[in-house]
Amino acid sequence: IFGIAKEKGEERAQRERGRRMGSDNKPGEGNGRQMTESRQAEARSSGGGESVVAATRRIVKTHPKKVTTLVLWALGIFCMLFAPAPMKITPEMQMRYQQKMDKVMDLSADFTRTTKELDKFYAELNAAKSFGWYFRSADRKAVNEIKDRMAPIETEYKQLEKRRDTLESEARGELGLWSEAGIQEARDVFWSTYKRGRRSAQAGIVWDLVWELFRSDNYEDSVNFLFRIIWIVVSNFVMFLITSSIVFLFKVVWVIRSFKPSLISGIFFYLVATLAALSTVGAMISLLVGAGVGSAAIVAKNARYLPQSNRRRYVRHQRTHQE
């Protein structure tokens with residue numbers, strides 16, 4: 001009896017194993033189990049098991065344009081502030097540069113002589129050009145005579161300037177556009193234009209604030225007044241930063257031409273300089289706008305503590321009463 005019961009139990013266990021194997025081999029259930037396992041793996045990875053490299057790859061695949069913009073922005077700021085010059089100035093390059101700059105210094109005596117002579121002629125012209133000189137034949141004749149004597153000196157001075165520019169360009173060419181001299185000169189041009197734009201922005205802010213005091217409708221409460229002040233400061237700085245960056249894009253062309261590089265090298269340098277300038281200006285504008293938004297949020301949060309104006313309510317009441 002026990003042997004028969006044991007055999008029946010084994011047969012029943014074999015049938016159950018066969019039924020389970022058949023259900024596992026079904027395609028729908030297999031796919032569902034695989035999907036469940038993959039979801040569980042994703043959940044485990046999102047819970048902290050995902051590596052930095054995998055997360056970076058996922059972000060790059062998900063947002064390629066944003067990642068590219070961020071990388072170019074960071075690269076531009078690095079080129080403007082921290083990047084070293086790709087070409088080092090060797091002692092031989094410095095010696096050749098100094099030899100050609102010595103030729104430029106040799107022209108200083110001729111520059112001094114021609115400048116003194118031109119100053120004398122300009123003094124004679126100012127003395128001859130009295131009030132109404134053009135309508136008097138004697139004065140016109142004297143002025144034309146001075147100009148005729150001054151023409152050769154002016155021609156010589158222009159030739160000296162052209163000679164000096166040529167020698168300086170050749171000397172810079174000995175160092176190279178991608179040397180420390182070329183990189184530093186481009187940076188100096190950018191920061192000089194930025195400082196000029198900052199001074200213009202400060203002057204614009206002062207004049208806007210002065211005109212703000214004489215507005216005929218200046219009866220708003222202090223909250224709107226502070227909002228307007230924040231707008232004046234931020235808009236002036238943003239406008240002049242954009243203007244100074246445009247000016248730099250034109251000035252850097254003269255820097256490139258002064259080193260006489262090849263066409264490909266000059267174009268590539270211009271692209272790098274443009275990227276660096278726009279990235280730096282974009283960072284400054286972002287900081288300015290962020291500071292303005294933060295200041296406006298602080299003013300709005302503390303609006304109930306600021307004094308309010310009843311002028312507008314009074315004017316509305318007066319108009320209603322008159323009607």
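From the list Arg172, Arg163, Arg149, exactly one residue is within 33 Å of the chain's Cα centre (by Cα) and among the basic types (Lys, Arg). Which is it?
Details: Arg163 fails: within 33 Å of the chain's Cα centre (by Cα); Arg149 fails: within 33 Å of the chain's Cα centre (by Cα).
Unique residue meeting the criteria: Arg172.
For Lys251, indicate whether it is of a type in the set (D, E, K, R), open to solvent by 50 Å² or more (accessible area, probe 1.4 Å), touching a helix residue (DSSP H, G or I) at 6+ places or on another chain (Cβ under 7 Å) and at pLDDT 90 or above. Show your work before the answer.
Details: of a type in the set (D, E, K, R): yes; open to solvent by 50 Å² or more (accessible area, probe 1.4 Å): yes; touching a helix residue (DSSP H, G or I) at 6+ places or on another chain (Cβ under 7 Å): yes; at pLDDT 90 or above: yes.
Taking the combined requirement at face value, the residue satisfies it.
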For segment 161-187, name all the residues that are on the phi < 0 side of the Ramachandran plot and open to solvent by less than 20 Å² (accessible area, probe 1.4 Å). Leu167, Ser169, Ala171, Leu175, Leu177, Ser179, Gly182, Ala186
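Quick check on this structure: which one of Leu209, Leu213, Leu226 is more than 17 Å from the chain's Cα centre (by Cα), over 19 Å from Met80 (Cα atoms), in contact (Cβ under 8 Å) with a residue 24 or more places away in the chain and open to solvent by 40 Å² or more (accessible area, probe 1.4 Å)? Can you show your working first?
Numbers: Leu209 fails: in contact (Cβ under 8 Å) with a residue 24 or more places away in the chain; Leu213 fails: in contact (Cβ under 8 Å) with a residue 24 or more places away in the chain.
Only one candidate passes the filter, namely Leu226.
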Which of the residues belonging to segment 70-82 are over 21 Å from Val189 (Cβ atoms) and either in contact with an Asp or Glu (Cβ under 7 Å, 6 or more places away or on another chain) or open to solvent by less than 90 Å² (accessible area, probe 1.4 Å) (or both)? Val71, Leu72, Ala74
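The values are calculated or read from the model by the stated rules, or taken from the named source; none is laboratory data. What you are looking at is a predicted structure, and each value in this text was computed from that prediction instead of being measured. All Cβ positions, glycine included, derive from the backbone under ideal geometry; neighbour counts span all protein chains shown. In case anyone asks, the SASA skips ligands and DNA or RNA and just uses the protein heavy atoms, side chains included. Shrake-Rupley method; radii C 1.70, N 1.55, O 1.52, S 1.80 Å.
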